[in-house]
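A short write-up of the structure that comes next.
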Amino acid sequence: MNATEEEERDIGCDTDGSEEVSQSVKSSSTTADSIALPQKRFYRQRAHSNPIADHCFEYPSDPQSMDWSTHYPNAELKVGGDCRGVEFADIGCGYGGLLIALSPLFPKTLMLGLEIRVKVCDFVCDRIAALRLQNEGQYWNVSCLRSNAMKYLPNLFPKSQLTKMFFLFPDPHFKKQKHKWRIISPQLLSEYAYCLAVEGRLYTATDVQQLHDWMTGHLSAHPLFESLDQSDIDADPVVPKLFDSTEEGQKVTRNGGQKFVSVYRRVKDSFAQ
């Protein structure tokens, strides 16, 4: 087996896992006592996806056209029959570890994970559905949507709706010609600032020093973001969850790697009326 074949085997790039997925679904019971969490081996997917490529996404023309009722059907999370706005967005949520960790901490806050990979998004949705059945009244405030945040974020969230945005262990895109694919850039930061409320917070985490310097450099240079003082970072209950709640973070821990975290707050636009 050559290196490429070995890598694809590790990340599960088999061409057809539909039969295994079907068996996994059939093995799950609808009762809370016997419902099983989904297994990653039935949701095989390449490690990364080209964010510039044209994928088949369904997205609203504007945030007001988005129907959130299927994502958050719990009546307790609605106001006047409508879902309250999503406040936390985990960009590139992977297998949903952060969403699951934050859900009990903020039970009344709607959180959404955005994931570009089909099978990974399916896994997160099935994971949340299973957790809702296993834990009565819990995890109704989290959901996952397949989308490309580099293209469609303003179609999903109106101005200043989000209070927290997370960018945990994003693809480093080491090659210089692929730096334009990085999820943090001057242009995209302006879109994030549009969706993020004043005093809202943007979190980054990576195990790549070069990428950490890239992200903090662009955030510090942007006029609408300001780095938090260490005392504020230490007092933030979310920060400890950034290190090991995600599957990628856990892998870095197992391999003995370093993790670099930054927290920025959205500042008021001095030119805004």
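Only the coordinates and a few stated rules stand behind these numbers; no lab work does. None of the values given here were measured: they were computed from a predicted structure. Note: ideal-geometry Cβ built from the backbone for every residue, glycine included; neighbour counts use all protein chains shown.
Summary table
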| item | result |
| --- | --- |
| For region 82-273, radius of gyration divided by Kirkwood radius, i.e. Rg to Rh on alpha-carbons | 0.94 |
| Placed amide H near residue 169: partners under 5 Å, 5+ positions off or other chain | 205, 206 |
| Cα-based equivalent ellipsoid of region 218-273: semi-axis lengths in Å, sorted from largest, via gyration tensor | 29, 12, 9 |
| Whichever lysines have a C-alpha closer than 23 Å to that of residue 241, once near sequence neighbours (fewer than 8 apart) are set aside | 40, 108, 164, 251, 259 |
| Relative contact order, percent, region 91-153 [alpha-carbon distance under 8 Å, six or more residues apart] | 41 |
| Förster radius 41 Å - calculated FRET efficiency between residue 258 and residue 70 (Cβ-Cβ, nearest 0.05) | 0.55 |
| Percent RCO, i.e. relative contact order, over region 82-273, from Cα pairs under 8 Å lying at least 6 residues apart | 22 |
| Extended-chain gain in nm, criterion 0.36 nm per residue less alpha-carbon gap, residue 155 and residue 247 | 30.3 nm |
| Candidates per trypsin sites (Lys or Arg not before Pro) in region 142-175, loop by DSSP, up to 12 other Cβ within 10 Å | 159, 175 |
| Amide H partners (placed H, <5 Å) of residue 144, local residues excluded | 113 |
| Residue exposure sequence - 167, 174 - by fewest surrounding Cβ within 10 Å | 174, 167 |
| Dipole-positive endmost among 154, 246, 107 within region 82-273 (Cβ charges, Cα centre) | 154 |
| Amide H within-cut-off set for residue 225, under 5 Å, with H built and near neighbours excluded | 267 |
| Using θ = phi - 60° and Karplus 6.51 cos²θ - 1.76 cosθ + 1.60, couplings along region 174-187 (whole Hz; Gly, Pro as x) | 4, 5, 4, 5, 9, 4, 5, 7, 5, 6, 10, 8, x, 5 |
| Estimated inter-spin distance, residue 235 and residue 82, nm [label 7 Å along Cα→Cβ] | 3.4 |
